[in-house]
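In what follows, a single structure is set out as structure tokens and then discussed.
Read-outs: derived from the displayed coordinates by stated rules, not from any lab. What you are looking at is a predicted structure, and each value in this text was computed from that prediction instead of being measured. Heads up, the Cβs are rebuilt from the backbone with ideal geometry, glycines too, and the neighbour counts pull from every protein chain shown.
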Amino acid sequence: MTGMARKVQCQIVTTTFPSRAGARTLARRLVEARLAACVQLVPIHSLYRWKNAVESAAEIRLEAKTTVARAPAVVAFIRRHHPYELPEIVVQPIAGGAPDYLAWIAAESTP
């Protein structure tokens, strides 16, 4: 990993959404607000326990690429605009990657 890759600290913020339209709207708003450089939407099927019952649902997983500095704002944005009572919000560090890609994430996630 080059020095540049170590300096650029990026994270992926993951959430799920109940509808494709809602997921696209949230993703676009995150990118337009420069909270994330890119948001990928992936259709998934989730099985989970909720309120003492096993549930099953088709969902859309959103993976927002952002910086360490912007991740708390991404999390707050998701909380404000999410329809679930308890949305999945997981923040993971990007341990490495192409230095120019990580620099792009940083540049596009900066207000």
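Seen from residue 78, the other residues with C-beta closer than 13 Å to its C-beta sum to a net charge of +3, counting Lys and Arg as +1 and Asp and Glu as -1. When only Cα pairs below 8 angstrom with a gap of at least 6 residues are kept, the chain shows a relative contact order of 43 percent.
Dipole size of the chain about its Cα centre, with +1 on Lys/Arg Cβ and -1 on Asp/Glu Cβ: approximately 180 debye, rounded to the nearest 20. You can think of it this way: the chain between residue 42 and residue 95 has 16.9 nm of extra reach, that is 0.36 nm per residue less the Cα-Cα gap. Give me the angle, in degrees from 0 to 90, between the Cα long axis of helix 71-81 and the longest principal axis of the Cα atoms of the chain, rounded to the nearest 10. Between the helix axis and the principal axis of the chain, the angle is about 30 degrees. When all alpha carbon pairs of segment 13-59 are counted in 5 Å bins from zero, the resulting P(r) reads 5, 20, 25, 20, 12, 10, 6, 2 %. Each label was represented as a point 7 Å from its Cα along the Cα-to-Cβ direction; for residue 108 and residue 76 these points are 2.4 nm apart. The C-alpha radius of gyration of the chain, expressed as a fraction of 2.2 N^0.38 Å, stands at 1.13.
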